[in-house]
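The values are calculated or read from the model by the stated rules, or taken from the named source; none is laboratory data. These numbers come from a predicted model, not from an experiment. Glycine gets a Cβ as well: all are built from the backbone with ideal geometry, and neighbour counts include every protein chain shown. Just so you know, the surface numbers come from the protein's heavy atoms only, side chains and all, with ligands and any DNA or RNA stripped out. Shrake-Rupley method; radii C 1.70, N 1.55, O 1.52, S 1.80 Å.
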Amino acid sequence: MRSDRNTSAPLGLKIAAGAGLAFLHLPILLIFLYAFTTEEKSYQFPPPGLTLKWFAVTWNRPDVWEALGLSVRVAAISTAIALVLGTLCAAAVSRTKFFGRETISLLVILPIALPGIITGIALRSAFSFAEIPFSFLTIVLGHATFCVVVVYNNAVARFRRVSGSLIEASMDLGADSFQTFRYIILPNIGTALLAGGMLAFALSFDEVIVTTFTAGQQSTLPIWMLEELVRPRQRPVTNVVAMVVVIVTFLPILGAYYLTRDGDQVAGSGK
């Protein structure tokens, strides 16, 4: 009997899949192409010429480095906060039963389900009401609200696969709570936390809407790019920076994919 895995897809389905992939990725390829154009003020296709000079120009632009540094710092701190809070929430929801558990789970994931503009307006109103000046701190707090969700979703799924008998056996053998977490829980959920942290970093690094409402006068890299597109000085520089953003966000997503694709194989799973 012929296996279904060896059955070739219909030609029409292959064409449709190819067209869908082209629709998704051709604009990204155009970004890469226009990073090398010799035309400074407009997008001509095909480009009148190709050059590498914009990479040197970008390297020597202090405003680019300032925006990049701010984005990296915000993403790193937001991810650290999300790892702590997301893991604690996941542990509470997955390992214990209490009244309102499902409601709390819904409230945790709500920030990423709401439109970004709603979250941004809510945060801006809350900061204004509390008389908190818009600064680096407000950007971090804004990003942490949705980064927590990414870590929580990864951690709670892995927690539910870890057998409770492993934790009980650890306690029976005399391990305290910290030892149980270090030697039993963390090795089993570590890849899920790493993947969640990578995704949270990528999500924070290229976030625009919430940042617009919480940044004040500061510019993260995506905000800087948006302003450069509206009032361009050297248009190809924006494309060079866009290439960097694509690479910086693609690598964590790729790493998270490889870390979680075998996530069902944890110690004690299914026992």
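Miscellaneous remarks
- Check on residue 122, surrounded by fewer than 13 Cβ atoms within 10 Å (Cβ to Cβ), without any contact (Cβ under 8 Å) to a residue 60 or more places away in the chain and at negative phi: no
- From 67, 35, 9, residue being surrounded by 13 or more Cβ atoms within 10 Å (Cβ to Cβ) and at pLDDT below 80: 35
- Test result for residue 124, modelled with pLDDT of 85 or more and either in contact with a helix residue (DSSP H, G or I) (Cβ under 8 Å, 6 or more places away or on another chain) or part of a helix (DSSP H, G or I) (or both): yes
- In the condition set (1) open to solvent by less than 50 Å² (accessible area, probe 1.4 Å); (2) assigned to a helix (DSSP H, G or I); (3) touching a residue at least 60 places away in the same chain (Cβ under 8 Å), residue 190 is compliant with all but (3).
- Residue 133 open to solvent by 30 Å² or more (accessible area, probe 1.4 Å), within 30 Å of residue 217 (Cβ to Cβ), modelled with pLDDT under 85 and in contact with a helix residue (DSSP H, G or I) (Cβ under 9 Å, 6 or more places away or on another chain): no
- Within region 247-270, one or more residues are modelled with pLDDT under 80, under 25 Å from residue 135 (Cα atoms) and within 13 Å of the chain's Cα centre (by Cα).
- Residue match in region 71-86 (condition: among the polar types (S, T, N, Q), over 30 Å from residue 161 (Cβ atoms) and not in a helix (DSSP H, G or I)): no
- Scanning region 204-226 for residues that are β-branched (Val, Ile, Thr) and farther than 19 Å from residue 128 by Cβ yields a total of 3.
- Residue match in region 86-96 (condition: exposed (fewer than 15 other Cβ atoms within 10 Å of the Cβ) and farther than 26 Å from residue 181 by Cβ): no
- Hey, residue 109 at pLDDT 85 or above, among the hydrophobic types (A, V, I, L, M, F, W, C) and assigned to a helix (DSSP H, G or I) or not: no
- Scanning region 227-246 for residues that are more than 17 Å from the chain's Cα centre (by Cα), without any contact (Cβ under 8 Å) to a residue 60 or more places away in the chain and surrounded by 15 or more Cβ atoms within 10 Å (Cβ to Cβ) turns up 228, 238.
- Residues of region 14-29 satisfying the condition of being open to solvent by 90 Å² or more (accessible area, probe 1.4 Å) and hydrophobic (A, V, I, L, M, F, W, C): 15, 21, 23, 24, 26, 29
- Just one of the listed residues (30, 13, 50, 83) is closer than 30 Å to residue 111 by Cα and of a type outside the set (D, E, K, R), and it is 83.
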